[in-house]
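Comments concern the structure below.
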Amino acid sequence: MNEDRLTVLKTHKLFIKGAFPRGESGRTHPLRDKHNGVLAQLCTASRKDLREAVEAAKGAQPAWAASTPYLRGQILYRLAEMIEGRAEEFTAALRETTDAGAKSARAEVDATIDRTICFAGWADKMVSILGNQNPVAAPYWNFTSPEPIGVLGIVAPDDSPLLGFVSLWLPALCAGNTVVVLASERCPLPALLMAESMPTSDVPAGVFNLLTGFREELLKPLGSHRDIDGVIAAVDNDHATVLRDQGADNLKRVRILNAKRDWTSETCDGPGAFHGSVEYKTTWHPLSAE
């Protein structure tokens, strides 16, 4: 091997509408490992990239919501298969960019696979479990049923950059939403590997969109964009305030989670995981057509 040869570093692209664009600004920033060495280059998403990702998500949402829950479950199960097949790569990514050792990194990957399968199973059961036939003292039936909110903006945590990351958007996709995800600013590599798994998992273009960049630039446009119907974020208090302030102007639903929460908790798999991803519609129907 020629020792004078320069290493060609990979430039990880954004993921918008099933494609991997470089970003309109052409800006990049380094992806650093845990020893502060440069592993690769990352495309720096701009406001325009965010708008294009939202447009892709908005265009894909009606068809995704109208697809059968069984199909959404099958696609999420296929995604779990893809993660399983790349488990060693995900483990290596966690070890390179976080302080996780071999055992804990592999445990996070295994938990991510299990969580993906869990929400594949939720897909055709959530309406029955979260919905209800309400008791009423009147001559009509009364039903409550969960429905997807629409387009959700997701802000992934820096800690647990794989399990925490998937725990925010899996319930959203399961319920029929489409998402625009801001990857962890500090450790985005597992999220980028996940984006590479989306096309081969049959996730339709536009359903899942991923941006890498800086929260200081992207949180305000994410919170204020009127075609984003809700935000779910695991961020600190300062960033939570930005999202709430921006979302208040357009009555956006904003759910803030503790960025330091235990992502292995069973509460991340239960019915409460859909909070912020669904809204409830109540309808009535007469008991008799007479």
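The values are calculated or read from the model by the stated rules, or taken from the named source; none is laboratory data. Since this is a predicted model, take the numbers as computed values, not measurements. Backbone-built Cβ (ideal geometry, glycine too); neighbour counts: all protein chains shown. Note: areas computed on protein heavy atoms with side chains; ligands, DNA, RNA excluded. Shrake-Rupley method; radii C 1.70, N 1.55, O 1.52, S 1.80 Å.
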> Mind checking which pairs have a first residue in the range 96-110 that is outside any helix (DSSP H, G or I) and a second that is surrounded by 18 or more Cβ atoms within 10 Å (Cβ to Cβ) and of a type in the set (A, V, I, L, M, F, W, C), Cβ under 9 Å, 6 or more apart or different chains?
Replying inline: Thr98/Ala105; Thr98/Cys187; Ala100/Leu94
> Under the condition of being in contact with a helix residue (DSSP H, G or I) (Cβ under 8 Å, 6 or more places away or on another chain) and assigned to a strand (DSSP E or B), which residue from the range 124-146 is least open to solvent (accessible area, probe 1.4 Å)?
Replying inline: Pro146
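Take the range 23-60 and flag every residue that is closer than 18 Å to Val180 by Cβ, outside any loop (DSSP other than H, G, I, E, B) and open to solvent by 30 Å² or more (accessible area, probe 1.4 Å).
Arg47, Lys48, Arg51, Glu52, Glu55, Lys58, Gly59 - these are the residues of the range 23-60 that are closer than 18 Å to Val180 by Cβ, outside any loop (DSSP other than H, G, I, E, B) and open to solvent by 30 Å² or more (accessible area, probe 1.4 Å).
Only residues that are under 15 Å from the mean Cα position of the chain (by Cα) and open to solvent by 30 Å² or more (accessible area, probe 1.4 Å): list them for the range 245-290, please.
Pass one, the range 245-290, residues under 15 Å from the mean Cα position of the chain (by Cα): 254-257, 259, 263, 268-269, 273-278.
Hits for the range 245-290 are Val254, Arg255, Ile256, Asp269, His275.
Collect the residues in the range 262-274 that are in contact (Cβ under 8 Å) with a residue 40 or more places away in the chain and either charged (D, E, K, R) or part of a helix (DSSP H, G or I) (or both), keeping them in residue-number order. Please lay out each step first, then the result.
We begin by selecting, within the range 262-274, every residue in contact (Cβ under 8 Å) with a residue 40 or more places away in the chain; these are 263-264, 268-269, 271, 273-274.
Once the filter is applied, which keeps residues that are in contact (Cβ under 8 Å) with a residue 40 or more places away in the chain and either charged (D, E, K, R) or part of a helix (DSSP H, G or I) (or both), the range 262-274 yields Cys268, Asp269, Pro271, Ala273, Phe274.
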> Residue check: is Ser160 touching a residue at least 12 places away in the same chain (Cβ under 8 Å), of a type in the set (Ser, Thr, Tyr) and surrounded by 24 or more Cβ atoms within 10 Å (Cβ to Cβ)?
Replying inline: yes
>> Please pick out the residue among Asp249, Asp262, Asp269, Asp236 that is among the acidic types (Asp, Glu) and touching a helix residue (DSSP H, G or I) at 6+ places or on another chain (Cβ under 6 Å).
In response: Asp269
>> Report every pair of residues separated by at least 6 positions or lying on different chains whose Cβ atoms are under 8 Å apart, first residue within the range 239-254 and more than 18 Å from Ile154 (Cβ to Cβ), second part of a strand (DSSP E or B).
In response: none
